[in-house]
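Worksheet for the structure shown next.
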Amino acid sequence: MSHKILNKVKLNPVIWRLCLDAPLVARSAKAGQFIILRMDEKGERIPLTINDIDVKKGTITIIFQEAGATTKMLSCMEEGDFVEDVLGPLGRPTDFGKVGRVVLVAGGVGIAEILPIARYAKSLGNFVLTIIGSRTKDILILEEELKCSSDKLIVTTDDGSYGIKGLVLDPLRDAISMEKFDLCYCVGPDIMMKAVSQVTQTCGVKTLVSLDANMVDATGMCATCRVTVGGKTKFVCVDGPEFDGHLVDWDGFMKRQKRFVEEEKRALESFQAQHKNCMYKQG
Amino acid sequence: MKTQDPGDRIKNFNEVALGLTEREAVDEAKRCLKCKKAACVGGCPVEIDIPAFVQNVAAGEFEKALYKIREKNFLPAICGRVCPQEDQCEKVCILAKKHKAVSIGSLERFVADWEIANNKKPRVEKTASHGIKVAVAGSGPAGLTCAGELAKMGYDVTIFESLHKAGGVLTYGIPEFRLPKKIVGLDLEYLKGVGVKIEVNFLVGKTKTLDELKTEGFKAFFLGIGAGLPYFLGVEGENLNGIYSANEFLTRTNLMKSYLFPEYATPIKVGSAVGVIGAGNVAMDSARCALRLGAKEVYIIYRRTELEMPARIDEINRAKEEGVRFELLTHPTKFRGDEKGWVKEASLLRNKLGEPDSSGRRRPVPIPGSEFRMKLDTVICAIGQGPNPLLPRTLPDLKLNDDGNIVVDKDHKSSIEGVFAGGDIVTGAATVISAMGSGKKAARVMDSYLKGRQIPSS
């Protein structure tokens, strides 16, 4: 059961968009859900957010950032190559509904993950303010797509090369202190989601975050993705990936995400030593 | 039965128990007294005609023995290795009273291994296909057996499995050194030969719902989705890094082959002092894997004594031979970690045994003031598994008990028309063979149901 890569686009030096043949996933996937992907017989199982679907064609689009050996390997695949295993759609779909005014905040590859959420929110008639942060203009992704799916888009860059100079937190603070927002939804690096949640907590804006955790089976069987939310243990794979940002034990979660950092480094070094310049191919 | 030397075997994942030689098997089979009313058959959850196959072995007629076993059992090489025969057929063997029971389990394994070694393709007898579609959720022992039985009866059976490899606990739970995956693979091939279809990467309830499968023409369903929810102790510090559920530890090791990292991409981290909480077969498996993954000291930490341990005696002995240490009448109350969130130490309390609890075993009673600490950098929680709620959550009409197990009547019928269930999802975590037995019974009942017949009272 292999899944063909039908399209591959580079969005920036480390972020890629792939279109995969996966009809069983495409037919019922909703915003907020993810797949588990395994490259080949020796591969690990990794979660990837579903960015878009085409039910008629039976395809799904994923956008991912090169991080470890598996995503590096994936970035070396070409159109026409195959991925061995895909399971999905997993996780609880987004269902915050029509709440009124929504502010979406995203950074890094989280910008890709917020796109389906923006489309969902807009389709239900919510007012959507989207704030995205990038280190520099050169690596900013999906600006046009988000402009189309938001009522207002604010872009920040750390170096001021585009949009507002600084972090997403400042425009966020301004927005929620000047006008009423019914919901904040944030996806990005853990440290960013934690900071955003702290800002919105002081202003009393309900906040949802989408967590990205290490997973193995992703069906609630192993508990590797466990996180403490409101003092209770939850599984990102089946209870999430969305949680109330004000209740997440961020420090505990971030520590858990570092469990295999040494092994991930070893795996990446091993991969890079074997496959210089992306000569990796299946078979 | 000969085993790999303990000193050697903790450095590899190769099979520990080496099986009987032909000479040993024939001699053992000849010990059978050929009882007129053999009690052993009643002890077998899948009703193998034990006296008949044992006599075949005694006469050196191994192929006949093979077919005799295969009449009733789809997975003899697996059962011969993991079945607790000492609690089943061998327990009621007449020789068990004053001597030693006939080693029925070893003989079953011998015959199954002979089949593999001699490349025998088992003759598959089945009713002509009548095309009625049946869906089975879960490819563990319950689902595999149910599917095989139904396929033999001519049904068009598809098993849906959420992982990328079939087998359930046979693949992800039981380690390579107890149950080689090559053997599981061969039994899966046999099932495909009977006509069973297996679709992996399909999570019933998420990939498609039961109702959607109904509209595709599936007329009945068997839910063999297993005990796939890890239990934790509920003590402080349990979410520290380095604390695993047994499911996670074993799945990384057995399914994802972490012991071959980085060639196999899934990592696992095992420190030098490992504490395994629990004393069932899963705990023994976890402890023995930890040794093989490089731990210097591995402790089984159990709140009762050896007498109350649920694990097979063979597994406990093999763990001891390999150097696993046992801290009995002990349970953890807290885990402490370092500033990076890694577990470093457990606080433990000693127990004494009091009155029996609902399981019939004497209840552990904590002894006040007996706290002590133990340096541990890896902890594996192997205190049991419960029913995974994912599929039941999508079926609001499915009656569950307080623990989340699917409630079925004596015919394996759930509260939903046409939906049957068996194995761990019904009973709670039990054995491979009891799951197989329930799969077999459910298949018979489902056959009656599908043919519109009155289900015969069992």
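One table, with the values for the structure above:
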{"item": "Positive-pole candidate from B:S347, A:G245, B:M309, dipole of the protein assembly as shown, charges at beta carbon", "result": "B:M309"}
{"item": "C-alpha center-to-center spacing [segment B:66-102, segment B:135-171] in angstrom", "result": "23 Å"}
{"item": "Chain B, Cα convex hull volume normalised per residue, Å³", "result": "162 Å³"}
{"item": "Rg to Rh, two decimals, where the protein assembly as shown supplies the alpha carbon set and Rh follows Kirkwood", "result": "0.99"}
{"item": "Euclidean distance between Cα centres, segment B:185-227 to segment A:105-180, Å", "result": "43 Å"}
{"item": "Flagged links, alpha-carbon separation over 22 Å, of B:K64/B:K97; A:K265/B:K340; A:K180/A:K234; B:K182/B:K257; A:K122/A:K152", "result": "B:K64/B:K97; A:K180/A:K234"}
{"item": "Gap separating the Cα centres of segment B:384-458 and segment B:334-377, nearest whole Å", "result": "36 Å"}
{"item": "Neighbour cut-off at most 16 other Cβ (10 Å), DSSP loop, GluC sites (Glu not before Pro), segment B:60-152", "result": "B:E61, B:E71, B:E125"}
{"item": "Cut-off under 5 Å, modelled amide H: who pairs with B:L229 long-range", "result": "B:G386, B:N388"}
{"item": "Other-chain or far-sequence residues with amide H under 5 Å of B:A101's (modelled H)", "result": "B:A96"}
{"item": "Distance violations [Cα-Cα > 21 Å] among B:K11/B:K269; A:K56/B:K206; B:K126/B:K410", "result": "B:K126/B:K410"}
{"item": "Chymotrypsin sites (Phe, Trp or Tyr not before Pro) within segment B:168-239: DSSP coil, no more than 14 neighbouring Cβ in 10 Å", "result": "none"}
{"item": "Near-label residues of segment A:26-54 by backbone N, under 19 Å of a point 7 Å along Cα→Cβ of A:A67", "result": "A:32-40, A:43-52"}
{"item": "Most mobile listed residue (A:G32, A:G160, A:G245) in chain A, GNM with C-alpha springs under 10 Å", "result": "A:G160"}
{"item": "Potential lengthening between A:V261 and A:Q274 on full extension [0.36 nm per residue; Cα-Cα distance subtracted]", "result": "2.7 nm"}
{"item": "Relative contact order (%) - chain B, alpha-carbon pairs under 8 angstrom, separation at least six", "result": "16 percent"}
{"item": "Size-normalised alpha-carbon gyration radius of segment B:168-274, reference 2.2 N^0.38 Å", "result": "1.37"}
{"item": "Rounded to the nearest 20 debye, dipole of segment B:1-88 from Cβ charges on Lys, Arg, Asp, Glu", "result": "240 debye"}
{"item": "Signed unit charges on C-beta, dipole axis of chain B, positive-most listed residue B:S438, B:N281, B:L223", "result": "B:S438"}
{"item": "Amide N proximity, segment B:68-99 versus B:L33 label position 7 Å along Cα-to-Cβ, cut-off under 14 Å", "result": "B:91-99"}
{"item": "Dipole magnitude of segment B:159-211, debye to nearest 20 (Cβ charges: Lys/Arg +1, Asp/Glu -1, about Cα centre)", "result": "100 debye"}
{"item": "Among B:378-385, A:253-260, the order from most to least packed when residues are scored by Cβ within 10 Å on average", "result": "B:378-385, A:253-260"}
{"item": "Extreme residue, positive dipole direction of segment A:126-283, given options A:T130, A:G230, A:T200 (C-beta unit charges)", "result": "A:G230"}
{"item": "Inter-label distance, nm, simple model (7 Å from Cα along the C-beta direction), A:N12/B:M1", "result": "5.8 nm"}
{"item": "Inter-probe distance in nm under a simple model that places probes 7 Å from Cα toward Cβ, at B:F372 and A:Q201", "result": "4.1 nm"}
{"item": "Amide N of segment B:182-225 lying under 20 Å from the label point, which is placed 7 angstrom from the Cα of B:S448 along Cα→Cβ", "result": "B:219-223"}
{"item": "Helix B:104-117 vs. chain B, principal-axis angle (Cα, 0 to 90°, nearest 10)", "result": "70 degrees"}
{"item": "Contact order normalised by residue count of segment B:246-292, Cα under 8 Å, 6+ apart, percent", "result": "36 percent"}
{"item": "Estimated inter-spin distance, B:E22 and A:E143, nm [label 7 Å along Cα→Cβ]", "result": "7.9 nm"}
{"item": "Dipole magnitude (debye, nearest 20) for chain B, charges at Cβ of Lys, Arg, Asp, Glu", "result": "720 debye"}
{"item": "Loop-located trypsin sites (Lys or Arg not before Pro) in segment B:96-190 whose Cβ has at most 12 other Cβ within 10 Å (DSSP)", "result": "B:K97, B:K98, B:K100, B:R123"}
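Read-outs: derived from the displayed coordinates by stated rules, not from any lab. Note that this is a predicted model, so its numbers are computed, not measured. Because the Cβ atoms are built from the backbone with ideal geometry, glycine has one as well, and the counts that use them run over all protein chains shown.
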